[in-house]
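Q: Dropping the structure in here first, questions after.
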Amino acid sequence: MLGLLVPLAGCGSSAGGDGDDTTLRLVAAEYGDTPATSSKAFWDKMAENFAAQNPGMKLQVQLLPWADIDREVSRMVKAGKAPDMALMGAYSDFAAQGKLYSAEELLSISAEANFLPPLAEAGSVGNTLYGLPFVASSRLLFYNESLFAKAGVTTPIKTWSELKAAAKALKEKGVKYPYALPLGPEEAHAEALIWELSNGGGYADSSGNYSLASDQNIHTFRWIKTNLVEPGLVGPVPPAQLNRADAFAAFLRGEVGMLNGYPSLLHEAKAKGISVRAMEIPVSDTIGAGERPPTVGVADWMMAFKQNGKRVQIGKFLDFLYQDKNLSDFAGRYHLLPSTVSAARTRAGGGIDDTDTAFLTALRGAQLYPVNDPNWVTVSDTIKRNIGRSLEPGVDPKSVLESIAEKSREAGKGR
């Protein structure tokens, strides 16, 4: 998700105080990167329409940058000044502390059952839904059609060996980044998980326990190192030093043949006149024919705090907010995917267009990060800061993966 680059004021209705039972206070992450794309317009509209439909009630929204919102909301909660609701990237720490209302306490049965299953699973601790998924995205493999044509690559890429062959052909034609592999600390945990899942691995086993150094994961990174990194098929920047934002920028400059991406990048590339297509993530050649491992899904979470005792009022607002037209409106503004079955099925508000259909299909069977574990923030940070080292010269990926797993255990982060 995009961070806030230009400071913006809070939005929504400014009437009422924090202790006013008629005023609901929402702290939300800012999805825009300029005043023109700010989320303020959406929340202003929600505040106005909600007040019109519920005379006497008001919505007050404070926008915070992605870089700050987790810390600031935690500070508010500890100070006894929790907002009524927050929209951000993590919820499980608050759920573990007993600070949140469950979906069952807020929503009707039909509304709770309307969330896409992979998102509802990731938003649940045990069998209780605390993190209400709001918008989401999935990952697909993007490729530059012009560069592929120049390299003579015409057949679909379905396996790792086919990806390697395409990258080799791209390199021979002088493409700077045949396959961009961003394993820098910005978002290495996403790229790593995409590759691990495509080989039958992942971050957790079938019992939900972390399996960071599984045999499948070790095989995955040994393959990447031997077949992509050492032959120079990932470009001039070592993977451990290449961040997602830099890889995306290079793609938008026409310097990247292939990379894994999400919907908004596809729209950006097309807006810049780059001929780009998306396909399913290629799988390991050891995966059986017809098998389709999940790709990575990512969601942002709405949560409701108990501290102010406004369960009924919050439930009324969430019933309003999660109407298809509102959810699709927000998703469409940022080329994301709505989190509910009904909003994903309709085109209300323009939330889903033909370009996004493949991403929605992938999301329905996606695997999300283990965000329902309150220790995931620490574990993911360990992965982000270390996984790229597994591809450095003279390093066996096994040693790095085992080190990551050990650091998680030492910190008491096993699930």
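Q: Could you look through region 344-368, keep only residues that are surrounded by 22 or more Cβ atoms within 10 Å (Cβ to Cβ) and at pLDDT 90 or above, and pick out the one that is farthest from L265 (Cα to Cα)?
A: Among those that are surrounded by 22 or more Cβ atoms within 10 Å (Cβ to Cβ) and at pLDDT 90 or above, it is A366.
Q: Still on this structure: Can you name the residue in region 154-186 that is closer than 18 Å to V283 by Cα and among the hydrophobic types (A, V, I, L, M, F, W, C) and is also farthest from the chain's Cα centre (by Cα) among such residues?
A: A165
So that you can scan it fast, the table gives a plain yes or no per residue for (1) at pLDDT 95 or above; (2) of a type outside the set (A, V, I, L, M); (3) more than 29 Å from R222 (Cβ to Cβ):
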| site | (1), (2), (3) |
| --- | --- |
| N114 | yes, yes, yes |
| A120 | yes, no, yes |
| L141 | yes, no, no |
| E145 | yes, yes, yes |
| A166 | yes, no, no |
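Q: Let me ask something additional. Name the one entry in A289, A247, A299 that is at pLDDT below 95, on the phi < 0 side of the Ramachandran plot and among the small types (G, A, S).
A: A289 is the lone residue from the list that is at pLDDT below 95, on the phi < 0 side of the Ramachandran plot and among the small types (G, A, S).
Q: Determine which single condition G232 fails, assuming it passes every other condition in (1) on the phi > 0 side of the Ramachandran plot; (2) out of contact with any helix residue (DSSP H, G or I) (no Cβ under 9 Å at 6 or more places or on another chain).
A: So the condition that G232 fails would be (2).
Q: For region 194-212, check the following and say yes or no: at least one residue is touching a helix residue (DSSP H, G or I) at 6+ places or on another chain (Cβ under 6 Å), of a type in the set (D, E) and touching a residue at least 12 places away in the same chain (Cβ under 8 Å).
A: yes
Q: Given S124, S137, which one is open to solvent by less than 10 Å² (accessible area, probe 1.4 Å) and among the hydroxyl-bearing types (S, T, Y)?
A: None of the other options fit; the residue is S137.
Q: Please go through region 42-66 and give me each residue that is under 23 Å from the mean Cα position of the chain (by Cα), farther than 12 Å from L321 by Cα and outside any strand (DSSP E or B), ordered by number.
A: Selection gives P65, W66.
Q: Which residue is surrounded by the most Cβ atoms within 10 Å (Cβ to Cβ), if the candidates are limited to region 53-88 and must be closer than 12 Å to F317 by Cα and out of contact with any Lys or Arg (no Cβ under 6 Å at 6 or more places or on another chain)?
A: Ranking the qualifying residues of region 53-88, first place goes to L59.
Q: Test each condition in (1) of a type outside the set (D, E, K, R); (2) at pLDDT 95 or above; (3) buried (at least 20 other Cβ atoms within 10 Å of the Cβ) for W376 and report the one that comes out false.
A: Tallying (1) of a type outside the set (D, E, K, R); (2) at pLDDT 95 or above; (3) buried (at least 20 other Cβ atoms within 10 Å of the Cβ), W376 fails exactly one: (2).
Q: So which residues in region 159-177 are surrounded by fewer than 21 Cβ atoms within 10 Å (Cβ to Cβ) and touching a strand residue (DSSP E or B) at 6+ places or on another chain (Cβ under 7 Å), if there are any at all?
A: Listed by number, the residues that qualify are T159, K171.
Q: Now, a different point. For region 206-261, name all the residues that are of a type in the set (A, V, I, L, M, F, W, C), surrounded by fewer than 15 Cβ atoms within 10 Å (Cβ to Cβ) and under 17 Å from S161 (Cβ atoms).
A: none
Q: Moving on. Test each condition in (1) of a type outside the set (S, T, N, Q); (2) under 21 Å from the mean Cα position of the chain (by Cα); (3) open to solvent by 60 Å² or more (accessible area, probe 1.4 Å) for A304 and report the one that comes out false.
A: (3)
The values are calculated or read from the model by the stated rules, or taken from the named source; none is laboratory data. Just so you know, these numbers come straight off a predicted model, no measurement behind them. Neighbour counts are summed over all protein chains in view; Cβ atoms, including those assigned to glycine, are modelled from backbone coordinates with ideal geometry. Protein only, heavy atoms only, side chains kept; ligands, DNA and RNA dropped before computing areas. Shrake-Rupley method; radii C 1.70, N 1.55, O 1.52, S 1.80 Å.
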